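Please read the structure below before turning to the comments.
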Amino acid sequence: MSDLQNTENKDNEQLSLNDDRRVRTLSPGALVAQRFFRNRLAVVGMVMLISMFIFSFIGGLISPYRQDEQFYKYTDLKKEYAAVTQNADFRYLSADGQNFDSVAQAKFLLAQGKGETTFETKDATYELTEEGKDFYMISMNGETVAIAFKDIVNKIADLSFDEIHAALIAYTNGEKTFTVGDAEYTLDDDGNIVKNGETVGYITRFVISSAQSDVVISREYGEEAAAQIAADAKEFDFVGDDGEEHHYNISYDATAKVWSITEGTETYVYDSYASPSKEHWLGTDTNGMDMLTRLMYGGRVSLIIGFIVVIIEAVLGIILGGISGYFGGWVDNLIMRIVDIFYCIPSLPLIIILGAAMDAMKLDPQIRMLYLMLILGFLGWPSIARLVRGQILSLREQEFMTATEACGIRTSKRIFKHLIPNVIPQLIVICTMSLGSTIITEATLSFLGLGVKFPFASWGNIINDVNNAFVMTHYWFVWIPAGICLLIAVLGFNFVGDGLRDAFDPRMKR
C-alpha cells in the first residue's frame, strides 16, 4: 500500500505546475528550440550549415596549401616559329639595258592566261616563249627583253641576268649543269647553284618568314624546311646555331595556303587544369592553384561577406525602423520616403558602375571586398526597416509600453530595451533568409568579375573560371564543387530560416 502511495506521489510531483523543471520546459526559448528540432528540414539545414562552416574555417586551417599557392610543371610547349608560303605569282627580271614596266607586266599576264604568244603595249609587240613550267622568256624583234618566273632565285653572290636566266632554264627542265660563257655551273637536288665549288645562290619556290621578331631564319634552315614541305613531311629535326637539335612540326592551312612550322620547347608553366590526384584531390584551376583549398577559403569569404552584409542591413534597419515606428508623424514620413527612394534605386546597374569604377581605380582586392560589403549592406536595409516599423507600430500601444512611459523610462530605452527585443524573432527569421540571398548576390557579382578579386577566392569567382564551353565540359572539377557548396549553404540557410519561422509562430502545435 505504501509503495502505491509513493508512486502516486511521484506522479503528482511530475504533474505539479509548481515544479521548477516544469516551469523550465514551458519557457519560450525551450519551446522555440523544441519546435525547431522537431522540424526535420530545419535540422537538415543546420547540419548542412555546420558542415559548410567546418569545411570552410577548419578545413582551411588543416590544408597543406595556401589559397594563392601556385603549382608548376614542365611541358612541351609548341610555339609558332615560321610561316612558309609557295610563291604563286610571276616575278620579272629585265635584261641588261631593257625596261619591262608594270603596264607590260599586266599585258603579259593577260596574254599568258589566254594562252597567246604575243601581246602589244605602247606600240610595241612582245613575243612569249615558254621555256619551262611557269617560266617564260619575253622578247621583242628577236632580242630578249625580260624573263617571267615563279621560282625564286636567292643570290648569295652577284649573278648576272644571263646567269639567272640559264639557271632557271636548267632548274625548270631538271638539268644538273649549265654553261654561261666560259663558266660552268652545277645544280644539286636542293636547288643550289654551284660555281667552281662555291655556292653562289639557290632556287626555291617557297618563301619562309619568321613568326618571331627576334629570330632570323638561316638559309640552311629555309632549305631544310622547304625540302621537308616538298616531301610532305609532318615533322623534322634541325640542329640550330646553338648546337642543339630542335624538333619542329609542320601543318598546312588550306584556306590561307600557308605552312605553319611550330617548335616544341620544354617550358615551366602553371599546372593548369590538372586532374584530381593524391596531391590535389579536386585538381587545379587555370592558375595552377589547388581547387580544394580554394573552395575552403572561398567558403570563408562568401560566408563572412554574407554575415557582415546582413549585420549592416540589420543595424541600419533596426535603428531607422525603430525610430520611424515609435515616433510616427513627420519622422515616420521622412524615413519611409527614404525607404521608397532606396527601393527605386536599380541595385544591379549601380553595383556594375561602382565595380567598373573600382577596376579603373585599381583598388587593392582586400579594400575592394570591404567596399563590396558596405555597398550591399547599404542597399539592403530598407526591407528590415519596414518590417521593424510595422512591428513597433503595433507594439507601442500595448500596456507594457504605457507602463514604461509612466515609470519615466527615457525614449531610447523604451525603443531598444522594450520594443526591439519583441521584434527579434521576426528579425532572426528574415536575416537568416537574407543570408542565402546575399551569398547568391555576392557569387553573381564575383562571377561577373565585379565582386571578390584575385588572389582572394569566393565560390562566385571560382565558378567564373569557367569562361568557355570547353572548360565547362572537360574540367568539371573546377566549377561543380563550387556550385555544390553554394547550393548546400543557401539551402541550409533557407531551411533554417523556415524552421525558425515555424518555431517562433505561437500557433504551432506542440
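The values are calculated or read from the model by the stated rules, or taken from the named source; none is laboratory data. Everything quoted here is computed from the prediction, not taken from an experiment. So basically every Cβ, Gly included, is an ideal-geometry build from the backbone, and we count neighbours across all protein chains shown.
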Just checking: which of the strands (runs of 3 or more DSSP E) contained wholly in segment 99-148 hold 1 or more residues that are aliphatic (A, V, I, L, M), modelled with pLDDT of 85 or more and within 60 Å of the chain's Cα centre (by Cα)?
135-140
Does S251 satisfy being among the hydroxyl-bearing types (S, T, Y), in a strand (DSSP E or B) and in contact (Cβ under 8 Å) with a residue 40 or more places away in the chain?
no
Conditions: (1) more than 27 Å from M289 (Cα to Cα); (2) at pLDDT below 85. D498 meets all but one. Number of the miss?
(2)
Being modelled with pLDDT of 85 or more and small (G, A, S) is true for just one of G60, G29, G45. Which residue is that?
G45
Can you run down the residue pairs with Cβ atoms below 7 Å, 6 or more apart or on separate chains, where the first is in segment 287-304 and assigned by TED's automatic domain parsing to the domain that holds N467 and among the hydroxyl-bearing types (S, T, Y) and the partner is surrounded by fewer than 19 Cβ atoms within 10 Å (Cβ to Cβ) and outside any helix (DSSP H, G or I)?
T293/S63; T293/Y65
Expected single match for surrounded by 13 or more Cβ atoms within 10 Å (Cβ to Cβ) and in a helix (DSSP H, G or I) among I351, I409, I341, I367 is I351
Selection within segment 167-197 - free of Cβ contacts under 8 Å to residues at least 12 places away in the same chain, closer than 23 Å to Y136 by Cβ and in a strand (DSSP E or B):
T177
Yes or no: segment 174-195 includes at least one residue that is on the phi > 0 side of the Ramachandran plot and in contact with a Lys or Arg (Cβ under 7 Å, 6 or more places away or on another chain).
no
What number goes with the only condition from (1) without any contact (Cβ under 8 Å) to a residue 60 or more places away in the chain; (2) farther than 23 Å from L448 by Cα; (3) touching a Leu at 6+ places or on another chain (Cβ under 8 Å); (4) not aromatic (F, W, Y) that I375 does not pass?
(2)
Enumeration of residues in segment 108-130 that are buried (at least 17 other Cβ atoms within 10 Å of the Cβ) and under 22 Å from A88 (Cβ atoms)
F108, A111, Q112, F119, L128
Of the numbered conditions (1) in a helix (DSSP H, G or I); (2) under 30 Å from Y475 (Cβ atoms); (3) not small (G, A, S), E279 fails exactly one; give the number of that condition.
(1)
Just wondering, is there one or more residues in segment 56-71 that are surrounded by fewer than 16 Cβ atoms within 10 Å (Cβ to Cβ), among the aliphatic types (A, V, I, L, M) and touching a strand residue (DSSP E or B) at 6+ places or on another chain (Cβ under 7 Å)?
no
May I ask you to say which residue of M472, M433 is farther than 27 Å from W381 by Cα and assigned to a helix (DSSP H, G or I)?
M472
Being at pLDDT below 80, assigned to a helix (DSSP H, G or I), of a type in the set (S, T, Y) and in the same structural domain as I488 (by TED's automatic domain parsing): is that true of T438 here?
no
Residue under question is I323, and the condition is that it be part of a helix (DSSP H, G or I), out of contact with any Ser or Thr (no Cβ under 9 Å at 6 or more places or on another chain) and exposed (fewer than 14 other Cβ atoms within 10 Å of the Cβ); does it hold?
no
Residue check, I392 part of a helix (DSSP H, G or I), of a type in the set (V, I, T) and surrounded by fewer than 18 Cβ atoms within 10 Å (Cβ to Cβ):
no
If we ask which residues in segment 314-341 are in contact (Cβ under 8 Å) with a residue 40 or more places away in the chain, of a type in the set (F, W, Y) and out of contact with any Leu (no Cβ under 7 Å at 6 or more places or on another chain), their number turns out to be 0
All-but-one check, S446 against (1) touching a residue at least 60 places away in the same chain (Cβ under 8 Å); (2) buried (at least 17 other Cβ atoms within 10 Å of the Cβ), failing number (1)
Tally time: how many residues in segment 121-130 are closer than 24 Å to K150 by Cβ and in contact with a strand residue (DSSP E or B) (Cβ under 9 Å, 6 or more places away or on another chain)?
5
Which residues, counting only those in segment 206-216, are surrounded by fewer than 17 Cβ atoms within 10 Å (Cβ to Cβ) and either in contact with a Phe, Trp or Tyr (Cβ under 9 Å, 6 or more places away or on another chain) or not in a strand (DSSP E or B) (or both)?
S210, A211, Q212, S213, D214, V215, V216
Find all pairs meeting these conditions: Cβ atoms under 7 angstrom apart; at least six residues apart or on different chains; first residue within segment 348-363 and within 12 Å of L448 (Cα to Cα); second residue surrounded by 11 or more Cβ atoms within 10 Å (Cβ to Cβ) and charged (D, E, K, R).
none
Look at S51 and say whether it is in contact with a helix residue (DSSP H, G or I) (Cβ under 7 Å, 6 or more places away or on another chain), assigned to a helix (DSSP H, G or I), of a type outside the set (A, V, I, L, M) and at negative phi.
no
Checking S51 against (1) at pLDDT 90 or above; (2) of a type in the set (S, T, Y); (3) surrounded by 15 or more Cβ atoms within 10 Å (Cβ to Cβ): exactly one of these is not met. Which one?
(3)
In segment 355-371, residues that are touching a Leu at 6+ places or on another chain (Cβ under 8 Å) and at pLDDT 85 or above total 1
